[in-house]
Amino acid sequence: MPNIHPTAIVDPQVQLADDVTVGPYCSITGPVTIGPGCRLISHVVIMGRTTIGANNTFWPFSVIGGDPQDLKFKGEDSELIIGDHNDIREHVTIHKGTANGGNVTRVGSHNLIMIGSHVGHDCMLGSHLIMANTVQLAGHVRVEDYAIISGASAVHSFVTIGPYAYIGGATRVARDVPPYMVFEGNPSAVRSVNVVGLSRRQFPEETIDRLKDAFRLLFKPSADGSGVGRTTEHLANLERHFPDDPHIMLLVNFIRNSAKGMHGRYLEAHRKDSRYHNPVK
């Protein structure tokens, strides 16, 4: 039997695995499913069509599965899906999806989402992510595996953050962030290869050296201060010289895709609504 504190409110629709712990003053309402080993420490609110996997911990005052903060949302039956082994800290908010974004928000597994962070509607989060305190993800953001977003960073809607990317603190992220790179500063830009993160993940030195070569070719300013540029020629050179390196090829394809979207955001090319239409609630 689940361990439910007497002060908690659990809707009859809720399905809890036998070993779930629901702490004091929690509220779980709607068609919520919570898997084995999950802990709601206290004052946690989970609502809506929300499916949660195994061994997740929710800290006080987190609000999970709430309606989107989107004027286009008309109460459609959308959902939130969360994987396994996530640590979701105090005051985190994660909203369910909208019809405009496929009706689902997804969070992978083994993620640490720190205090006060927000995951907007229709976001797609991978696994092994770290989001530090008060990171703000707008709707339709995609964050791929092993990315790190430092505290107080704000991510524009429809941005993609590539795998193993590192975003520095208080960074405004308004365009796609290439995989394996450090993105930070004011104005924000790609600054270097994420050498520390890649080394911690035991990337071979040969791979890191190749990524450094790619960074110098694609992002490092030349001696006269002009940008080298992400030209078709530079990408083709990388493709020609490192055709068997999956990391170089991922970087090349990522940059090509970003160029297809408006303002360097690949997902903008696939949005279903008009960015010029302002709906009235």
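Annotations
- Here the range 37-138 is treated with +1 on each Lys and Arg Cβ and -1 on each Asp and Glu Cβ, and its dipole about the Cα centre works out to around 40 debye.
- Highest to lowest packing among 111-120, 231-240, scored as the average C-beta count within 10 Å: 111-120, 231-240
- Highest average first, the peptides 127-139, 241-253 ordered by how many other beta carbon atoms sit within 10 Å of their residues are 127-139, 241-253.
- Each Lys or Arg adds one and each Asp or Glu takes one away; over the other residues whose Cβ falls under 15 Å from the Cβ of Pro31, this sums to -3.
- Relative contact order, whole percent, for the range 3-140 stands at 16, derived from Cα pairs under 8 Å and 6 or more residues apart.
- Positive-end residue of Val196, Ile4, Ser150, charge dipole of the chain with Cβ unit charges: Ser150
- Net charge of Cβ neighbours under 12 Å - reference Tyr146; Lys, Arg +1; Asp, Glu -1: 0
- One entry in (i) 20.4, 69; (ii) 20.1, 60; (iii) 20.0, 80 is Rg and Dmax of the Cα atoms in Å calculated from the shown coordinates; its label is (i).
- Amide H partners (placed H, <5 Å) of Val32, local residues excluded: Val14, Gln15, Thr50
- For the range 17-92 versus the range 239-270, the gap between their alpha-carbon centres in whole angstrom: 34 Å
- Neighbour net charge for Gly108 - beta-carbon separation under 10 angstrom, K R +1, D E -1: -2
- Under-5 Å amide H pairs with Ile161, H placed in peptide plane, nonlocal only: Arg142, Val143, Glu144, Val177
- Estimated from the Cβ-Cβ distance and a Förster radius of 35 angstrom, the FRET efficiency linking Ser42 and Asp67 is about 0.90.
- On the principal axes of its alpha carbon atoms, the range 70-179 extends 36, 29, 23 Å, with the longest extent given first.
- Where only C-alpha atoms are counted, convex hull volume of the range 122-250 per residue in Å³: 113 Å³
- Build a GNM of the chain with springs between Cα atoms under 10 Å apart, and of Arg39, Arg200, Arg175 the one that fluctuates most is Arg200.
- Counting only Cβ charges, +1 for Lys and Arg and -1 for Asp and Glu, the dipole size of the chain around its Cα centre is about 760 debye.
- Theoretical ellipticity at 222 nm over the chain - DSSP helices of four or more residues, -39500 (n - 2.57) apiece, nearest 500: -5000 deg cm²/dmol
- Computed over the chain, relative contact order equals 9 percent, with contacts defined as Cα pairs under 8 Å that lie 6+ residues apart.
Bear in mind that the values in this text are calculations on the coordinates, not laboratory data. Just so it is clear, the structure is predicted and the values come from calculations on it, not from any experiment. For neighbour counting, all protein chains shown are included, and Cβ atoms are generated from backbone atoms with ideal geometry for every residue, glycine included.
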